Amino acid sequence: MTNREAFGVYLRCQLEIGVQAVEKLSDFVFVAWAFANKEAAIREKINDALTFFWYTQGGRKYGKGIDNVVLWLGAEFDGDIDECRKIWSESDCSWAEEITKGFGEIRGDSDD
């Protein structure tokens with residue numbers, strides 16, 4: 001597996017964490033939050049994600065610059081992809097809990 005393929009796995013994990021957080025919202029909180037935040041989205045900024053992945057997965061050894069990053073992307077991924085997938089999939093959905101508190105209080109039902 002190349003670093004480019006591993007980056008795809010990383011990116012999917014990050015997007016799945018966002019989906020899981022939204023799924024934790026009750027129907028009321030989900031709809032209220034979505035209407036209140038018209039620009040709400042589940043997405044990753046590709047440049048930020050790639051920079052983080054490059055930095056944490058050995059890209060620095062190849063150096064900065066487009067040519068070096070491209071060379072690194074084509075190189076073999078040195079991690080255990082199954083172990084990395086577990087780590088990358090660890091979810092901190094605390095923001096969903098904060099949203100629920102706020103909109104639950106608006107509704108008058110903080111246990112929602």
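The values are calculated or read from the model by the stated rules, or taken from the named source; none is laboratory data. Every value quoted in this text rests on a predicted model; they were computed, and no experiment measured them. Because the Cβ atoms are built from the backbone with ideal geometry, glycine has one as well, and the counts that use them run over all protein chains shown. Only protein heavy atoms, including side chains, enter the accessible area calculation; ligands, DNA and RNA are left aside. Shrake-Rupley method; radii C 1.70, N 1.55, O 1.52, S 1.80 Å.
Overview of values
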quantity	calculated
Pick from the stretch 1-42, criterion open to solvent by 80 Å² or more (accessible area, probe 1.4 Å) and within 23 Å of residue 81 (Cβ to Cβ), ranking: modelled with the lowest pLDDT	16
Of all residues making up the stretch 43-70, the number that are within 29 Å of residue 25 (Cα to Cα), of a type outside the set (Lys, Arg) and open to solvent by 80 Å² or more (accessible area, probe 1.4 Å)	4
Restricting the stretch 78-102 to residues that are of a type in the set (A, V, I, L, M) and within 30 Å of residue 61 (Cβ to Cβ), the residue that is nearest to the chain's Cα centre (by Cα)	87
Residues satisfying the stated conditions in the stretch 48-60, i.e. closer than 23 Å to residue 20 by Cα and free of Cβ contacts under 8 Å to residues at least 24 places away in the same chain	48, 52
